[in-house]
1. Give the peptides 224-231, 156-163 in descending order of average Cβ contacts within 10 Å, highest first.
2. Within the set of other residues whose C-beta is less than 15 Å from the C-beta of PHE145, count the net charge using Lys and Arg as +1 and Asp and Glu as -1.
3. Determine the gain in length on full extension of the stretch MET218-TYR83; use 0.36 nm per residue of separation and subtract their C-alpha separation, reporting nm with one decimal.
4. Please report, in Å, the Rg and the Dmax of region 11-245, where both are computed over Cα atoms only.
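A short reminder: the numbers here are calculations on the coordinates, not readings from a lab. Remember, predicted model here, so these are calculated numbers, not experimental data. FYI the Cβ positions are ideal-geometry reconstructions off the backbone, even for glycines, and counts take in every protein chain you see.
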Amino acid sequence: MRRAAAVDPADYLRAVGLLFKHPAIALGPLAASFVLIFSGFAMPAGGGLFSILNGMVASLFAILINSLGLSFALVAADYAWRYDRVNLSESWETVRRRIGDIFMAGLGVAFVTYFASYLGSVFGSIGLPGFALIGTLLLGAAVAFFLIYAMPAAAIGGVPGGAALNASVERARSAPLPTLVLLVVYYVTYFAAQPIVSMFAGNLLLGFGVRETALLAMAVLLVVQSVFGAYYALVLAKTYNGISYRRIW
């Protein structure tokens, strides 16, 4: 195994090929989305204290499910890069063994993100609404930059949940340029590519005579989100391993 730069820009193109070859990587994000949607329909309604508790439980449940979905995709992506295959049972077993650390890492990221959003809103409360928006965006971007490797650290690296955040900060500081590129790719795929592809896919189905319904729109959105989530898991896993071990396979 030869030494190499932490990140090869061509990996972003290779990830597309791996995704076409191993579409099962998208099953994690897809399953997580379905669970959250249908569990949302099943949540009992209520008011007062019950409503608050229900909201807290729902938030923790969403963090757990999203963390599991992303972690499954990360572990499967790691298998794809290393062995050019995806073993669903082994991927799930790895996630199952590390579920506690994965949940704690996801909870830590969610808490820091919420705290950063709260700090940004403080500017608005003191009469500086413009600075509130700018502050929230900048703090959110900073949190995303430094904690972007927390989930792969827990899911792939087996780093304990609390330490996964520190591990992420260390890796982001050691390789700022690859981390910045990864963050930009995330924002572009999430805020630009996903809506465009979802609209195109929906119009394509309508062109084939498929009747437009809310269920169809939701299904298209979920599939597109899952595919982009799988792609992001591929590049995230590759970048994390490249920075952590300074190696290629």
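1. Values: 224-231: 22.0, 156-163: 18.0.
Per-residue Cβ counts within 10 Å, averaged per peptide and sorted highest first, yield 224-231, 156-163.
2. Values: positive: ARG171, ARG173; negative: GLU170.
Neighbourhood net charge equals +1.
3. Working: separation 135, 0.36 × 135 = 48.60 nm, distance 3.39 nm.
In short, 45.2 nm is gained.
4. Final numbers for Rg and Dmax: 18.7, 56 Å.
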